[in-house]
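Here the structure comes first, spelled out in structure tokens, and everything after it is commentary.
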Amino acid sequence: MNLKEQAKQDYLAGMKYKDIADKYDVSVNTIKSWKRRYEWVRDKSAPPQKRLHPKSKKVAPKNETKQVIDQLADSELTDKQKAFVLEFVRLSNATQAYINAYDSTYNIARANGSRMLTNANIQQAIATLRKAKLHDLSVNTFDLIQDLAKEARADIGDFLAFGNYDAIETDIDGNVQLDVNDEPIVNHRSWVQFKNQDKVDTSLIKNISMGKDGPRIELYDRDKARKQLLDYLVQIELVANDNQQVILSDSTKERMKDNGED
């Protein structure tokens, strides 16, 4: 007896959706989907079955991504559409996702990949799977926005100190060198000093290296971070108005990329 049949028997015996879902480590929505699709009809006279697990028992957290993938497998999408959803979430590239799912040529994938993202059911599947992956990583949109905001506000002065000073020029014996007016020659010099590691936020440092002119520190691109941050804020506003537009924005980016636009 397969998993669906076992779940059906439990449902017909009077078990609740949540208890069946806990028993087989799937989501409640999956059980409800099976019930509708396979037309499970419960005998009204069957008494509700008691919980198999005491309420006090702690259950290990479920992998939300696995649950969503299980739901995707039972969805009305075709097998190739399901494969496209998985590939797009993995690659964030509609053209390559279409090639992988449909084994097509580049030109066909370029034309059809973006079109796939306009399918409402595919949009919903992508959005749900993305959300599940972020949940399992314990990362949410605001974590990402916070990181970008830190990069956008990064100040080089937080990582090094610098200044200038005047030095009177002397010869090898320490004698002061004079100019044509018999005035001491003054050289204007600069200095740079890194701050100690325990005094800075190293997560904002992209690279530290030794160049021909000495040590070099590189932060993440503030302009790029600000642009990405603005994009996130725009997308959040779009979600508030219409949740589906987030996926459509990916379609727009794909078309811009294919057209050679930045």
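Search region 201-237 for residues being of a type in the set (Asp, Glu) and assigned to a helix (DSSP H, G or I), and hand back the single one that is surrounded by the fewest Cβ atoms within 10 Å (Cβ to Cβ).
Restricting attention to region 201-237, the residues satisfying the condition of being of a type in the set (Asp, Glu) are 201, 213, 218, 221, 223, 231, 237.
Add one more test, that the residue is assigned to a helix (DSSP H, G or I), and what stays is 223, 231, 237.
Details: 223: 8, 231: 13, 237: 10.
Result: 223.
So is residue 118 in a helix (DSSP H, G or I) and modelled with pLDDT of 90 or more or not?
Working: in a helix (DSSP H, G or I): no; modelled with pLDDT of 90 or more: yes.
The answer is no for residue 118.
Quick one: in region 176-200, of everything that is touching a residue at least 24 places away in the same chain (Cβ under 8 Å) and outside any loop (DSSP other than H, G, I, E, B), which residue is nearest to residue 158 (Cα to Cα)?
Step one: of region 176-200, the residues touching a residue at least 24 places away in the same chain (Cβ under 8 Å) are 188-195, 200.
Those left that are additionally outside any loop (DSSP other than H, G, I, E, B): 188-194.
On the way: 188: 25, 189: 22, 190: 18, 191: 16, 192: 13, 193: 11, 194: 9 Å.
Filtering first and then ranking leaves 194.
Residues of region 128-166 being within 23 Å of residue 215 (Cα to Cα) and of a type in the set (A, V, I, L, M, F, W, C), which ones?
Once the filter is applied, which keeps residues that are within 23 Å of residue 215 (Cα to Cα) and of a type in the set (A, V, I, L, M, F, W, C), region 128-166 yields 154, 156, 159, 160, 161, 162.
Listed residues 117, 134, 129; which is without any contact (Cβ under 8 Å) to a residue 24 or more places away in the chain and under 21 Å from residue 71 (Cβ atoms)?
On the way: 117 fails: without any contact (Cβ under 8 Å) to a residue 24 or more places away in the chain; 129 fails: without any contact (Cβ under 8 Å) to a residue 24 or more places away in the chain.
Exactly one of 117, 134, 129 is without any contact (Cβ under 8 Å) to a residue 24 or more places away in the chain and under 21 Å from residue 71 (Cβ atoms), namely 134.
Residues to consider are 172, 185; find the one that is among the β-branched types (Val, Ile, Thr) and either touching a strand residue (DSSP E or B) at 6+ places or on another chain (Cβ under 6 Å) or loosely packed, with under 11 Cβ neighbours inside 10 Å (or both).
Details: 185 fails: either touching a strand residue (DSSP E or B) at 6+ places or on another chain (Cβ under 6 Å) or loosely packed, with under 11 Cβ neighbours inside 10 Å (or both).
The unique qualifying residue is 172.
Yes/no matrix, rows are residues, columns are (1) out of contact with any strand residue (DSSP E or B) (no Cβ under 7 Å at 6 or more places or on another chain); (2) surrounded by fewer than 13 Cβ atoms within 10 Å (Cβ to Cβ); (3) of a type in the set (Gly, Ala, Ser); (4) modelled with pLDDT under 90:
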residue: 47; (1), (2), (3), (4): yes, yes, no, yes
residue: 66; (1), (2), (3), (4): yes, no, no, yes
residue: 78; (1), (2), (3), (4): yes, yes, no, no
residue: 98; (1), (2), (3), (4): yes, no, no, no
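Out of the residues in region 12-45 meeting the condition of being among the aromatic types (Phe, Trp, Tyr) and at pLDDT below 80, tell me which one is surrounded by the fewest Cβ atoms within 10 Å (Cβ to Cβ). I'd like the intermediate steps shown before the answer.
Our first condition is that a residue be among the aromatic types (Phe, Trp, Tyr); within region 12-45, this holds for 17, 24, 34, 38, 40.
Now narrow it down to the ones that are at pLDDT below 80: 24, 34, 38.
Details: 24: 15, 34: 20, 38: 12.
That would be 38.
Hey, does region 159-175 have a residue that's in a helix (DSSP H, G or I) and out of contact with any Pro (no Cβ under 8 Å at 6 or more places or on another chain)? Talk me through it step by step, then tell me what you get.
To start, the set of residues in region 159-175 that are in a helix (DSSP H, G or I) comprises none.
No, that holds for no residue.
Do we have residue 190 as out of contact with any Lys or Arg (no Cβ under 9 Å at 6 or more places or on another chain), modelled with pLDDT of 85 or more and surrounded by fewer than 10 Cβ atoms within 10 Å (Cβ to Cβ) here? So that I can check it myself, show each step before the final result.
Working: out of contact with any Lys or Arg (no Cβ under 9 Å at 6 or more places or on another chain): yes; modelled with pLDDT of 85 or more: yes; surrounded by fewer than 10 Cβ atoms within 10 Å (Cβ to Cβ): yes.
So residue 190 passes the test.
Name the one entry in 109, 161 that is without any contact (Cβ under 8 Å) to a residue 40 or more places away in the chain, within 30 Å of residue 81 (Cα to Cα) and among the hydrophobic types (A, V, I, L, M, F, W, C).
On the way: 161 fails: within 30 Å of residue 81 (Cα to Cα).
Selected residue: 109, the only one of 109, 161 that is without any contact (Cβ under 8 Å) to a residue 40 or more places away in the chain, within 30 Å of residue 81 (Cα to Cα) and among the hydrophobic types (A, V, I, L, M, F, W, C).
The values are calculated or read from the model by the stated rules, or taken from the named source; none is laboratory data. Everything numeric here is computed off the predicted structure, so don't read it as measured data. Cβ: placed from backbone, ideal geometry, glycine included. Neighbour counts: every protein chain shown.
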